[in-house]
Number of protein chains: 2
Amino acid sequence: MAVRPQICEACSIKDLTFCSALHGDEHDQLRQLLTHAHYDPHTTIFHEAEDADYVFNVTSGSVKLYKLLGDGRRQITGFLFAGDFLGLALNANYSYTAEAIEPVTACRFPRQKLEKLFDKFPHLEKRMLGMAVDELAAAQDQMLLLGRKTAKEKVASFLLMLARRQEHRGESSETINVPMSRSDIADYLGLTIETVSRTLTQLRKEAMITLKDNRHIEAVGLDMLEDLAEGL
Amino acid sequence: MAVRPQICEACSIKDLTFCSALHGDEHDQLRQLLTHAHYDPHTTIFHEAEDADYVFNVTSGSVKLYKLLGDGRRQITGFLFAGDFLGLALNANYSYTAEAIEPVTACRFPRQKLEKLFDKFPHLEKRMLGMAVDELAAAQDQMLLLGRKTAKEKVASFLLMLARRQEHRGESSETINVPMSRSDIADYLGLTIETVSRTLTQLRKEAMITLKDNRHIEAVGLDMLEDLAEGL
DNA sequence: CGCGACTTTGACCCTGATCAAAATCCGTGG
DNA sequence: CCACGGATTTTGATCAGGGTCAAAGTCGCG
């Protein structure tokens with residue numbers, strides 16, 4: 001948990017990801033595969049239903065993943081930050097759209113070649129499976145949030161998630177960075193921007209958070225947010 | 001898609017699952033691992049946060065998976081039927097509770113031993129990864145449902161899901177089997193039992209479905225349900 | 001400094017929740 | 001086979017959390 005993440009010298013992937021399991025030879029082969037990619041804000045990294053030819057490893061910036069309904073309603077299924085893995089679709093197509101929020105740098109791997117490397121180094125595949133299982137658990141938490149939590153609980157859970165992941169990346173969780181817009185938050189929590197805004201001011205008035213500016217929030221105490229988030 | 005599922009003679013696992021990738025020697029080793037288990041309705045197969053010592057393969061019956069909030073609010077994260085895999089938690093603990101709805105039979109594998117087998121037969125692990133990725137895509141669809149669909153769209157999506165999986169198992173999708181209670185449906189869709197009930201009668205009045213009895217529904221046409229479910 | 005985009009706040013509304021009661025289902029025992 | 005009783009489901013009446021529409025306030029970049 002308290003492991004300080006480090007940039008892997010060979011491929012500049014944070015060692016939070018599967019890359020850190022590699023050594024020497026393996027690492028070199030992985031490095032030969034990848035190309036470095038850069039995406040500006042509001043740029044699409046890939047589209048839902050597009051051929052899943054690449055997988056990515058975010059090295060900086062932030063990304064949102066989303067799905068759309070026929071009439072344009074949007075559900076953001078997740079946010080990615082430095083160290084997160086992207087495009088874990090071993091099937092033919094991506095199941096969501098990925099779009100940069102802040103300027104993003106990422107390592108891009110051709111999926112086919114990466115899979116061949118899996119055959120050579122099975123523990124790489126093991127690591128991939130572990131990541132998929134973690135994501136699955138996170139997805140189930142999010143279902144609980146979307147299906148059963150109140151607006152206030154949703155927002156508290158969201159802030160807590162940001163704080164925890166910030167910590168996990170080795171950044172201070174003193175002030176919470178909120179790179180995404182209110183609209184993104186709303187579509188992530190199954191709310192409207194108005195409700196997100198109102199709920200944040202409510203939390204502020206109840207002295208649970210301080211709004212430093214639109215993109216920076218300070219939590220007075222994470223424990224209060226935790227209790228809220230768990231429905232206690 | 002139209003593959004007729006068959007019970008694998010060796011271990012009685014439906015060939016819809018990873019077991020069908022095995023042959024001869026591999027199959028024997030897998031068979032030695034498993035024990036057959038049976039669970040009565042309303043029986044818990046495992047609890048959230050329990051040590052994840054086993055993984056399961058459902059061979060008959062139906063299962064619900066759920067998570068709880070501190071005050072008892074419940075979110076059902078999925079239903080499992082014959083051929084479905086259960087307990088895909090490679091971490092130490094299960095991330096949800098699994099409970100039998102109808103009488104369940106399942107093959108039970110000790111996780112540690114199964115993982116050792118993975119080292120011997122890497123394509124088994126590949127298959128596992130594939131299943132995890134599929135589940136992940138399903139989880140994202142469910143997030144879209146929970147966060148952005150109306151009650152009517154949720155119920156339509158639910159019926160469609162049941163019909164499709166029934167078909168996938170090789171059963172007729174003429175009449176949809178609904179083994180779970182209204183309360184289970186509600187907790188799966190993020191609604192209340194009253195809303196589920198009202199929505200079903202509404203769909204009946206609009207002649208989209210016929211309620212044969214509480215556990216059997218006939219869809220007049222799946223295309224209408226599909227349009228509803230996709231928000232068109 | 002000015003303009004467009006984003007966010008907040010306010011007033012009102014609607015979908016789905018809650019509370020309550022009637023109807024139906026289903027297992028049990030006479 | 002039917003009568004009973006608890007559990008589940010349906011239906012009805014009312015309520016409220018969060019959505020919608022509208023306007024004012026901020027932010028941020030040129």
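Treating only the Cβ atoms of Lys and Arg (+1) and Asp and Glu (-1) as charged, compute the dipole magnitude of the protein assembly as shown about its Cα centre; round to the nearest 20 debye. Numbers along the way, then the final one.
Numbers: 54 positive and 68 negative charges, 134 e Å.
It works out to roughly 640 debye.
To the nearest whole number, what is the average tally of beta carbon atoms from other chains within 10 Å of the beta carbons of peptide A:90-96? Present the calculation step by step, with values, prior to reporting the outcome.
Working: counts 7, 4, 0, 1, 1, 8, 6.
Mean partner-chain Cβ count within 10 Å for A:90-96: 4.
Put a label point 7 Å from Cα along the Cβ direction on B:Arg164, then list its distances to the equivalent points in the other copies in nm, shortest first.
Label point to label point, same position, other copies: 2.9 nm.
Magnitude of the Cβ-charge dipole of chain A, K/R +1 and D/E -1, about the Cα centre, nearest 20 debye?
Details: 27 positive and 34 negative charges, 68 e Å.
That gives chain A a dipole magnitude of about 320 debye.
Classify segment A:149-229 as rounded, prolate or oblate from the Cα gyration tensor: take a ≥ b ≥ c as the square roots of its eigenvalues, call it rounded if a/c is under 1.5, otherwise prolate when a/b beats b/c and oblate if not. Walk me through the numbers before you get to the answer.
Working: a/c = 1.43, a/b = 1.27, b/c = 1.13.
Rounded shape, in that the Cα axes give a/c under 1.5.
For the protein assembly as shown, what does the helix formula give at 222 nm: sum of -39500 (n - 2.57) over DSSP H segments with n ≥ 4, over the residue count, nearest 500 deg cm²/dmol?
Values: 14 runs with 188 residues, N = 464.
For the protein assembly as shown, the value works out to -13000 deg cm²/dmol.
On a 18 Å Cα-Cα criterion, which of the cross-link pairs B:Lys152/B:Lys205; A:Lys152/A:Lys205; B:Lys64/B:Lys152; A:Lys154/A:Lys212; A:Lys149/B:Lys67 come out too long? Intermediate values should be presented prior to the final figure.
On the way: B:Lys152/B:Lys205 13 Å; A:Lys152/A:Lys205 13 Å; B:Lys64/B:Lys152 22 Å; A:Lys154/A:Lys212 20 Å; A:Lys149/B:Lys67 12 Å.
With Cα atoms farther than 18 Å apart: B:Lys64/B:Lys152; A:Lys154/A:Lys212.
If I take all pairs of Cα atoms in segment A:83-138, what percentage of them are more than 19 Å from each other? Mind showing how you got there, number by number?
Numbers: 561 of 1540 pairs.
That tail contains 36 percent of the Cα-Cα pairs.
Over the alpha-carbon set of segment B:18-145, divide Rg by the Kirkwood Rh and report the Rg/Rh ratio to two decimals. Can you show the working numbers first?
On the way: Rg = 14.9 Å, Rh = 15.3 Å.
With Rg and the Kirkwood Rh in hand, the quotient comes to 0.97.
Going by alpha carbons, how many degrees (0 to 90, nearest 10) lie between the helix axis of B:193-205 and the longest principal axis of chain B?
60 degrees
Suppose a student asked you for the relative contact order of chain A, using Cα pairs under 8 Å spaced at least 6 residues apart; what percent would you report? Could you put the intermediate results ahead of the total?
Working: 385 pairs, mean separation 45.8, N = 232.
Averaging sequence separation for qualifying contacts and normalising by length gives 20 percent for chain A.
How large is log10 of I(q)/I(0) for chain B at q = 0.07, 0.09, 0.11, 0.15 Å⁻¹ when the intensity is taken from the Debye formula with one equal scatterer per alpha-carbon?
The Cα Debye sum returns log10 ratios of -0.24, -0.40, -0.59, -1.06.
Answer with one residue from A:Leu124, A:Gln166, B:Met224: the one whose Cα lies farthest towards the positive end of the charge dipole of the protein assembly as shown, charges on Cβ with Lys, Arg +1 and Asp, Glu -1.
The residue sitting farthest along the positive end of the dipole is B:Met224.
I'd like the mean, over residues of A:218-231, of how many other protein chain beta carbons sit within 10 Å of each residue's own Cβ.
On the way: counts 0, 0, 0, 0, 0, 0, 0, 0, 0, 1, 0, 2, 4, 6.
Mean partner shielding for this stretch: 1.
Provide a whole-number value for the mean count of partner chain Cβ atoms within 10 Å of the Cβ atoms in peptide B:117-126.
Per-residue shielding by partner chains comes out at 3.
Quick check for you: with a 1.4 Å probe and neighbouring chains kept, what is the accessible area per residue of the protein assembly as shown, in Å²? It would help to have the intermediate numbers written out before the result.
Values: 20180 Å² over 464 residues.
Value for the protein assembly as shown: 43 Å² per residue.
What dipole magnitude, in Debye to the nearest 20, does segment B:150-229 give about its Cα centre under +1 on Lys/Arg Cβ and -1 on Asp/Glu Cβ? Please report the intermediate quantities before stating the final value.
Details: 11 positive and 13 negative charges, 42 e Å.
Approximately 200 debye in magnitude.
Taking the 0 to 90 degree range and rounding to the nearest ten, how far is the long axis of helix A:122-148 tilted relative to the main principal axis of chain A, both from C-alpha atoms?
On a 0 to 90 degree scale, this one is about 20.
Among A:Gly87, A:Thr199, A:Asn57, pick out the residue whose Cα is farthest towards the positive end of the charge dipole of the protein assembly as shown, where Lys and Arg carry +1 and Asp and Glu carry -1 on C-beta, about the Cα centre.
Selected residue: A:Thr199.
Amide H of A:Ser62: which non-local residues (sequence gap of 5 or more, or other chain) have their own amide H closer than 5 Å, using H built in the peptide plane?
A:Ile101, A:Glu102
To the nearest 100 Å², how much accessible surface do chains B and A hide from each other in total, with a 1.4 Å probe?
Values: alone 12120 and 12140 Å², together 20180 Å².
The contact between A and B buries close to 4100 Å².
Would you kindly give the portion of the calculated P(r) for the protein assembly as shown that falls above 40 Å, as a percent of all Cα pairs? Kindly include the intermediate steps, with their values, before the conclusion.
On the way: 22290 of 107416 pairs.
Tail of the P(r) past 40 Å holds 21 percent of the pairs.
Go through A:143-156, A:204-217, B:112-125, B:80-93 and give me the packing order, highest mean Cβ count within 10 Å leading. If you can, show how the numbers build up before the last one.
Numbers: A:143-156: 22.1, A:204-217: 13.6, B:112-125: 15.4, B:80-93: 19.6.
Packing order, densest peptide first, comes out as A:143-156, B:80-93, B:112-125, A:204-217.
Do any trypsin sites (Lys or Arg not before Pro) in segment B:49-109 lie in a loop, going by DSSP, with at most 14 other beta-carbon atoms within 10 Å of their beta carbon, and if so which? Walk me through the numbers before you get to the answer.
On the way: sites: B:Lys64, B:Lys67, B:Arg73, B:Arg74, B:Arg108; in loops: B:Arg73.
When the trypsin sites (Lys or Arg not before Pro) of segment B:49-109 are filtered for loop state and at most 14 Cβ neighbours within 10 Å, nothing remains.
Once the label point is set 7 Å along the Cα-to-beta-carbon vector, what list of distances in nm do you get between B:Phe121 and its counterparts in the other copies?
Shortest to longest, the spacings are 2.6 nm.
Out of the total accessible area of chain B (probe 1.4 Å, heavy atoms of protein only), what percent is carbon and sulfur? Can you show the working numbers first?
On the way: 4910 of 10070 Å².
Carbon and sulfur atoms account for 49 percent of the accessible area of chain B.
Run through the other copies and list how far each one's label point is from that of A:Ala92, in nm with one decimal, shortest first; the point sits 7 Å from Cα along Cα-Cβ.
When each copy's label point is compared with this one, the spacings are 4.2 nm.
To test your reading of the geometry: what angle, between 0 and 90 degrees and rounded to tens, separates the Cα axis of helix B:151-168 from the longest principal axis of chain B?
Between helix and principal axis, roughly 40 degrees.
The values are calculated or read from the model by the stated rules, or taken from the named source; none is laboratory data. Treat the numbers as computed from the prediction; the structure is a model and nothing was measured. Here Cβ is always computed from backbone atoms with ideal geometry, including for glycine, and neighbour counts include all displayed protein chains. For accessibility, only protein heavy atoms count, side chains too; no ligands or nucleic acids. Shrake-Rupley method; radii C 1.70, N 1.55, O 1.52, S 1.80 Å.
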